[in-house]
Amino acid sequence: MKKIKIGMLGIGNIGQGTYRTLEMSRARIEEATGLNLEITKILNRHPERDRGIDIPREKYVTDIHEIIDDPEIDIVVELIGGIEPATTFMADALRAGKHVVTANKAAIAANGELLQKIAHENHLMLRFEASVAGGIPILNAVTTALISNEFSEVQGILNGTTNYILTKMTENRQAYADALRDAQAKGFAETDPTADVEGIDAANKLSILISLLFGIGVAPDQIPTRGITTVTSEDISFAREFGYRIKLLGSARAKDGEVTCNVEPSLVPEDHPLANVNNEFNAVYVTGNAVDKLMFYGRGAGPLPTGSAVMGDIISIARKIEKNAAYDLLPHLRYDAGLSFAGEGKNPYYIRVTAPDHPGVLGQITSTFGVYGVGIRTMMQRAVASHSDTVPLIFIVYAIEKNILSTALDVLVGNGSVLRVDNVLRVLDF
Ligand SMILES: NC(=O)c1ccc[n+]([C@@H]2O[C@H](COP(=O)([O-])OP(=O)(O)OC[C@H]3O[C@@H](n4cnc5c(N)ncnc54)[C@H](OP(=O)(O)O)[C@@H]3O)[C@@H](O)[C@H]2O)c1
C-alpha cells in the first residue's frame, strides 16, 4: 500500500480538527479505502506553542518551501485562512505538482477561478468542500449527485456565529450586544466578529455557491450585503407576531437569464424548514428542476465537522492518486453559463417606522406608498402609552425593488409623516 503524504499549512482550529479526524479514523479509513495517509509536514509560525495536541515536533516547519519543494508530498492542505498568502501558497503548490485541498472561502471566492485554471493546466485536483457550510457536503452534492438539475434558487444559513446570536435574541429575548458576548464566551464568535456579523463570511460562501449552481461569477463585494448588527429585539418580536423568525440568509435566484442575490437578515415564515435551524447550525436549501426542494442541515463550523469535510476531499484525491486515475475538477467553479447579474431584484420587505401619533398619518403613508407602487400586504399599529406622541408602525409590503422602497421612505421622512425608519428587512417569499 503506497503511503500518500500530505503537507498541511496551518495548525489552528481546523488544522487540529483535520489532524484529529485522520488520527481517530485512521484504521477505518485504511479498512474502507485501502489508503495509507500521513500528514508529514505542518507549516506553522509558532512551532514552540503548546496547542494541546500530540503532534511530533519534527513535523513542524516554518518555511513554506519545505512543503512545496518536497517531492514526496502529494497533497497540500491549506488551512491558514485569509486571501493572502494563502492564494500564493496554493498557486505555488499547484505549480509544483501538488494537489490542493482548502477550507478557505475568502481565497476561493476571490481567486477560485485563477487557482482552478492553474490546477487544470497542471492536471491536478483542487477541492474546497469545507469552505462552504463546514461539515455539510453541499458542494459535493450539487456537483455530483444533483448534477442533472438546473437550479433556480438557493437560500442558506451560512454562518453559525450569526445564527447563534439571532437564536439567543429570539429564544432568550437577549439584546444583540448580550447575545454577541454570549457567543464569544462559548467560542462561537471571534474577538473581532466583523466578518461574521457584517455578513462578509456569508457573502464569500454565497459567491462560491452561485458559481457552482448557476455558472456565473458574482464577486463577494458585488453581492448586496447587510449584517445583523441593526436587528433589534423589537424586530425579532414583531416578526414573531407576524409568524416569522429572523435569520441571516444568503439567497440567490436564477430566473429569465438573470441572477439576483443578497445576504441580509430576513424574515423566514415559521413553517419554512430554515426557520427551525437554530444555534450554531447551518443549512442550505436548494431548488432544482428535477429534485425540487432539498435542505442540507448540519454543523457549519468547528474543528471536527470541518476536519471531516477536509478529510473527505483528501481521501477522494488520494483514491485517484492510488489508482493512477485521471484528475478531475470537482467541484467545478463555472463562469460561462451566459446569465447576467441583476443585483438584488424584487423582494417583499418588513418595514418598521416611528410615526407621529396624530390622525391622518396612516393615510399620508399609504398614499405615498401608492405613488411609488409599494403594495401593503399586512400592517400593525402598536398601542403606546397615552403620554407618547409617537407610534411604531410595522408594514409587510409586496415584492418591490429596494431602491424604489428607499425613495418612498425618504419622501415620507421628508414630509414628516414618518419621523424615522427604524428598520427594513427582507421577507422570504415561499
Ligand atoms: N473555524 C472554523 O470553524 C472554520 C470552518 C470552516 C472553514 N474554516 C476555514 O478554515 C481556515 C482555517 O481557519 P482556523 O479557524 O483553523 O484558523 P486559525 O485557528 O486562526 O488557524 C490558522 C493557522 O494558520 C497559521 N498561519 C496563519 N497565517 C500563516 C502564515 N502566513 N504562515 C504560516 N502559518 C500561518 C496559524 O499559525 P500560528 O498559530 O502559529 O499563528 C494557525 O496555525 C480558514 O480559511 C477558515 O475560513 C474555518
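Bear in mind these aren't lab numbers, they're just calculated from the coordinates by the rules spelled out. These numbers come from a predicted model, not from an experiment. Note that each Cβ is placed from the backbone with ideal geometry, even for glycine, and that neighbours are counted across all protein chains shown.
Between residue 255 and residue 276, the C-beta separation translates, for a Förster distance of 22 Å, into a calculated FRET efficiency of about 0.25.
Rounded to the nearest 5, the antiparallel percentage of DSSP beta bridges internal to the chain is 65%. Each residue, residue 50 and residue 323, gets one label point 7 Å from its Cα in the Cβ direction; the gap between the two is 4.6 nm. The angle separating the long axis of helix 86-95 from the principal Cα axis of greatest extent in the chain is about 40 degrees. Couplings 3J(HN,Hα) of the range 403-420, computed from phi: 5, 5, 4, 4, 4, 4, 5, 4, 4, 5, 5, x, 8, x, 6, 10, 7, 7 Hz, in residue order, whole Hz [Karplus 6.51 cos²θ - 1.76 cosθ + 1.60, θ = phi - 60°; x for Gly and Pro].
Computed from the C-beta positions of residue 241 and residue 332 and an R0 of 51 Å, the FRET efficiency is 0.70 to the nearest 0.05.
Where does the longest stretch of the chain lie that holds no trypsin sites (Lys or Arg not before Pro) found in a DSSP loop with 12 or fewer other Cβ atoms within 10 Å?
Here the longest run is 187-381.
Sites listed here are GluC sites (Glu not before Pro) in the range 19-49 whose DSSP assignment is loop and whose Cβ has at most 16 other Cβ atoms within 10 Å: 48. When only Cα pairs below 8 angstrom with a gap of at least 6 residues are kept, the range 346-427 shows a relative contact order of 52 percent.
For the range 184-293, applying the loop criterion from DSSP together with a ceiling of 15 other beta carbons within 10 Å to the GluC sites (Glu not before Pro) yields 190, 270. Helices in the chain, meaning DSSP H runs of at least 4 residues, each add -39500 (n - 2.57). Divided by all residues, the mean residue ellipticity at 222 nm is -11000 deg cm²/dmol.
Spin-label pair residue 429-residue 177: with each label point 7 Å from Cα along the Cα-Cβ axis, the two points sit 3.9 nm from one another.
For the range 138-299, what is the charge dipole size about the Cα centre, in debye to the nearest 20, if Lys and Arg each add +1 at the Cβ and Asp and Glu each add -1 at the Cβ?
Dipole magnitude for the range 138-299 comes out near 260 debye.
Would you mind classifying the range 31-94 by shape? Square roots of the alpha carbon gyration tensor eigenvalues, ordered a ≥ b ≥ c; an a/c under 1.5 is rounded, otherwise it is prolate if a/b is larger than b/c and oblate if not. Note, shape of the range 31-94 comes out oblate. Each part gets one Cα centre, and for the range 274-290 versus the range 343-360 those centres are 28 Å apart.
For the pair residue 398 and residue 357, label points projected 7 Å from Cα toward Cβ lie 3.3 nm apart.
In whole percent, what relative contact order does the range 138-299 give with Cα contacts below 8 Å and a gap of six or more residues? So the answer I get is 34 percent. Across the chain, the relative contact order, built from alpha-carbon pairs under 8 Å that are at least six residues apart, equals 17 percent. Taken as Cα centroids, the range 163-201 and the range 218-273 sit 17 Å apart, rounded to the nearest whole angstrom. Looking at this model, which pairs from 5/323; 5/41; 5/59; 293/346; 3/320 are more than 18 angstrom apart at the alpha-carbon? Cα-Cα > 18 Å for 293/346; rest within.
I need the shape label for the range 250-319. Rule: rounded when a/c is under 1.5, else prolate if a/b > b/c, else oblate, with a, b, c from the alpha carbon gyration tensor.
Note, shape of the range 250-319 comes out oblate.
For a paramagnetic label modelled on residue 388 (point 7 Å from Cα along Cα→Cβ), amide N atoms under 18 Å away belong, within the range 352-368, to 352-362. In the distance distribution for the chain, Cα-Cα pairs more than 34 Å apart total 37 percent. The string of couplings for the range 243-253 from the Karplus curve (6.51, -1.76, 1.60, θ = phi - 60°) is x, 10, 10, 9, 10, 7, 10, x, 10, 8, 9 Hz, one whole number per residue in order, with x for Gly and Pro.
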